[in-house]
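Before any comments, here is the structure.
The values are calculated or read from the model by the stated rules, or taken from the named source; none is laboratory data. Note that this is a predicted model, so its numbers are computed, not measured. Positions of Cβ are generated from backbone atoms using ideal geometry, with glycine treated the same way; all protein chains shown enter the neighbour counts.
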Amino acid sequence: MNINLKLTNAPKAKPTDESKLGFGALFSDHMLVRKWTMENGWEDAEIVPFENFSLSPASAVFHYGAEIFEGLKAYRTAEGKVQLFRPIENVRRMNQSADRLCMPEMPEEEMLECIKKLVEVEKDWVPHSEGTSLYLRPFLIGTDPKLGVHTVHQCTFCIIASPSGSYYAEGINPVKIMIETEDVRAVRGGTGYAKCGGNYAASYRAGHKAELKGYSQVLWLDGVEQKYIEEVGAMNVMFKIDGTIVTPALLGSVLPGITRKSCIELLKSKGFKVEERKISAEELFTALKEGRLEEAWGTGTAAVVSPIGELAYKGEKYEINNFKIGETTQMLYDVLTGIQWGKVEDEFNWIVKVD
Ligand code: PLP
Ligand code: COI
């Protein structure tokens, strides 16, 4: 694979006030594009100015949700260097999502090279302020201009980059989450474990309802019995109950989060007992009422480690840890972001330097 560069001669001004970046609203000068057809496989990749796509209105992505994506970040260290956090995990998950939607996988080393090259070209777009990063969004869309429902025969892979601050307006302060009891996000055998656009479209209605009531996101229950806790809209969840960390097991309907995996590895290395298992809402609220639910938090690339200060369930509101960030949540946030921004030694070998 070659990566051909067609760089812009009209670079945009970089944001001057990085405290106002928000999440995913502003884009860098370039994007990487690589096309695939069933006949010829992957073409060379190109880095071109960030611009609109020209696609047939009949394209599969518009009608049948032929779309998968990833999310990872490039971080700037105190020395001004740029680095990625476990990008190979995103590459592997992208290929797993591709497999589920019967879309083309890309050789791991080639996708990794695409990510690294775009970051290298856009390194001046990696913001400098604490808590900011260049959010990278690789995605793959089906572009077949035909309305029959068949496996895609042509696709476009693209990576865009967005200088971003925190995902939630609350930053590291606790968020309020509503447990959804009507809609479901995913079932086993469905696409819950894949990162595909359709999963998020299915979540809009519940998310909107929660936002209208002042909640940041919804916590999904399992799609069959609506009894077991699964995950939040854009993050996995963890609970500290009687000193043990409990997180829903990956049984096919939950996204296998890279932050989740990293937190589990970190927690175990620090001697915590971690249980990946089914946990029902009933078990959770019994623990809460008995004072045994010490902390709750979400994990995700965009959300990082976010304390959950309130859970709403069936009309009741439950406060967790007096709406304060708990010590384990804080420790995870500090160590994880410390490694990501190069302030804490990377004893797990998770960092990939770009420049
Ligand atoms: N669950 C969902 C539904 C998500 O969208 C995300 C975000 O990517 C996560 C969990 C967390 O995954 P990761 O830690 O890999 O970002
Ligand atoms: C991420 O954390 O990278 C995600 O993809 C979450 C997103 C849906 C905002």
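Couple of notes before you dig in:
- Options Ile229, Ile245: the member that is in contact with a Pro (Cβ under 6 Å, 6 or more places away or on another chain) and in a strand (DSSP E or B): Ile229
- For Leu284, the requirement of being closer than 21 Å to Glu230 by Cα, assigned to a loop (DSSP other than H, G, I, E, B) and either at pLDDT 95 or above or in contact with a Pro (Cβ under 8 Å, 6 or more places away or on another chain) (or both) is not met.
- Hey, Ala296 of a type in the set (Gly, Ala, Ser) and either within 14 Å of ligand 1 (Cβ to nearest atom) or buried (at least 20 other Cβ atoms within 10 Å of the Cβ) (or both) or not: yes
- Restricting attention to segment 16-53, the residues being within 24 Å of the chain's Cα centre (by Cα) and β-branched (Val, Ile, Thr) number 2.
- In segment 84-138, of all residues being in a strand (DSSP E or B) and aromatic (Phe, Trp, Tyr), the one that is nearest to Ser262 (Cα to Cα) corresponds to Phe85.
- Within segment 58-83, the set of residues being part of a strand (DSSP E or B), more than 16 Å from Ala302 (Cα to Cα) and either within 16 Å of ligand 1 (Cβ to nearest atom) or at pLDDT below 95 (or both) comprises Glu67, Ile68.
- With respect to the conditions (1) surrounded by fewer than 17 Cβ atoms within 10 Å (Cβ to Cβ); (2) among the hydrophobic types (A, V, I, L, M, F, W, C); (3) free of Cβ contacts under 8 Å to residues at least 40 places away in the same chain, Val246 lacks only one, and its number is (1).
For (1) within 24 Å of the chain's Cα centre (by Cα); (2) at negative phi, each residue gets a yes or a no:
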{"residue": "Gly207", "(1), (2)": "yes, yes"}
{"residue": "Val232", "(1), (2)": "yes, yes"}
{"residue": "Thr244", "(1), (2)": "no, yes"}
{"residue": "Pro248", "(1), (2)": "yes, yes"}
{"residue": "Val254", "(1), (2)": "yes, yes"}
{"residue": "Arg260", "(1), (2)": "yes, yes"}
{"residue": "Ala303", "(1), (2)": "yes, yes"}
{"residue": "Lys314", "(1), (2)": "no, no"}
{"residue": "Asn322", "(1), (2)": "no, no"}
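- Residue ID - farthest from Lys317 (Cα to Cα), chosen from residues in segment 133-178 that are crowded, with 23+ Cβ neighbours inside 10 Å, within 15 Å of ligand 2 (Cβ to nearest atom) and of a type in the set (Gly, Ala, Ser): Ala161
- The requirement of being without any contact (Cβ under 8 Å) to a residue 24 or more places away in the chain and under 30 Å from Val91 (Cβ atoms) is satisfied by Asp346.
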